[in-house]
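K.L.:
Would you mind keeping the following structure in view while I ask a few things?
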Amino acid sequence: MKLLARRFGLPLAAAAVAASSLLGVQAPASAATNPYERGPAPTRASIEATRGSFATSQTTVSRFAVSGFGGGTIYYPTTTTAGTFGAVVISPGYTARQSSIAWLGPRLASQGFVVMTIDTLTTSDRPSSRGDQLRAALRYLTTSSGVRTRIDATRLAVMGHSMGGGGSLEAAKDDPSLQAIIPMTPWNLDKTWPEVTTPTLVIGAQNDSVAPVASHSEPFYASLPATTDKAYLELRGASHFAPNTSDTTIASYSISWLKRFVDDDTRYDQFLCPAPAASLAISEYRSTCPY
């Protein structure tokens, strides 16, 4: 019901009626009731794979061809028959360029998203500026880019590493229409985010000495409203720079989060709820399950 209320702007009571109505419809498949589903039924192997079921292509966007951010690379499914896709923009961290988070581009796109990794205007831009640039890149993707007709402009998300992760929180504060955000080992001087209503997956690193979880990821997560769908994933033994190299745990939970909240795909609930136990890869996981 929360999902219906958020998607269509319904009060919870009206959402409950809508949900009951949907349950009364005799539909042959889940895709009939959720037009946003993309790809086959997921498995643990499919979300951990380095490539999903969609063939992808990519195109470079010059910083001189855009305004409000520093250009980037767009990764997108090549099919034009599966319908439109949700879109995700990803910001690098302080002093870094898009190459530091480029591995996420084809990995997420192959699961059924249009993804743009961006360069920032300068490598020293603060989180508030990075939040503005993430939103500028979404505007470019949905209104001016060569792949704009492949995107459903109502299904947008942002991600970021370090100051880019702090920027993703800034973007959600300024634009509550975003469907999901994923701050990865985020850094921000602002520690409280009661304004954020966007479903948020905070990814922290146990051994982060740049943005220690005790003073960044954990208070960020704790300050999000209890009514916001949220989760906190802490990578066991990992450093601040874990998101800069291909990481199966980051990828699989990011895919599941984006699928669940950008595509409204409840088939991915199984990977998020109940909250996974501590393991060799995860030192801690908290969430507001069920979503």
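K.L.:
Please count, across the chain, the pairs of lysine residues with Cα atoms under 17 Å apart that sit 8 or more places apart or on different chains. Let's see the in-between values first.
P.N.:
Numbers: 2/230; 2/259; 173/191; 173/230; 191/230; 230/259.
Pairs that pass both the separation and distance tests number 6.
K.L.:
Oh, and also: Please figure out what share of the DSSP beta bridges in the chain is antiparallel and state it in percent, rounded to the nearest 5.
P.N.:
Working: 15 of 39 bridges.
That works out to approximately 40 percent antiparallel.
K.L.:
Tell me whether the stretch 195-276 comes out rounded, prolate or oblate; compute the Cα gyration tensor, take square roots of the eigenvalues as a ≥ b ≥ c, and use a/c under 1.5 as the rounded threshold. Mind showing how you got there, number by number?
P.N.:
Numbers: a/c = 2.19, a/b = 1.28, b/c = 1.72.
Cα axes put the stretch 195-276 in the oblate bin.
K.L.:
Against the globular-protein guess of 2.2 N^0.38 Å, express the Cα radius of gyration of the stretch 49-287 as a ratio, rounded to two decimals.
P.N.:
Values: Rg = 16.0 Å, N = 239, 2.2 N^0.38 = 17.6 Å.
Here the answer is 0.91, to two decimals.
K.L.:
For a distance above 25 Å, tell me the whole-number percent of Cα pairs in the stretch 97-224 that qualify.
P.N.:
Values: 1656 of 8128 pairs.
When all Cα pairs of the stretch 97-224 are counted, 20 percent exceed 25 Å.
K.L.:
Using the charge dipole of the chain (Lys, Arg: +1 at Cβ; Asp, Glu: -1 at Cβ; taken about the Cα centre), state which of 183, 72, 246 has its Cα farthest towards the positive end.
P.N.:
So the residue we want is 72.
K.L.:
Could you list 203, 151 in order of exposure, starting from the residue whose Cβ has the fewest other Cβ atoms within 10 Å?
P.N.:
Details: 203 27, 151 21.
Listing 203, 151 from fewest to most nearby Cβ atoms yields 151, 203.
K.L.:
Further question on the same structure: Would you mind giving the three semi-axes, in whole Å and largest first, of the ellipsoid equivalent to the stretch 116-164 according to its Cα gyration tensor? Let's see the in-between values first.
P.N.:
Values: eigenvalues 94, 23, 14 Å².
With the √(5λ) rule applied to the stretch 116-164, the semi-axes are 22, 11, 8 Å.
K.L.:
Whole Å is fine, so just give me how far the alpha carbon centre of the stretch 156-229 lies from that of the stretch 112-151.
P.N.:
18
K.L.:
Let me see the P(r) profile for the stretch 230-291: every Cα-Cα distance counted, bins of 5 Å, each bin given as a percent of all pairs.
P.N.:
All Cα pairs considered, the percentages come to 4, 17, 28, 26, 16, 8, 1.
K.L.:
Diagonalise the Cα gyration tensor of the stretch 27-112 and give the resulting equivalent ellipsoid semi-axes, square root of 5 times each eigenvalue, largest first, whole Å. Don't skip to the answer; put the middle values down first.
P.N.:
Details: eigenvalues 164, 49, 24 Å².
So the equivalent ellipsoid measures 29, 16, 11 Å along its semi-axes.
Laboratory data are not the source of any read-out in this text; all were calculated from the coordinates shown. Treat the numbers as computed from the prediction; the structure is a model and nothing was measured. Reconstructed Cβ throughout: ideal geometry from the backbone, glycine too, with neighbour counts over all protein chains shown.
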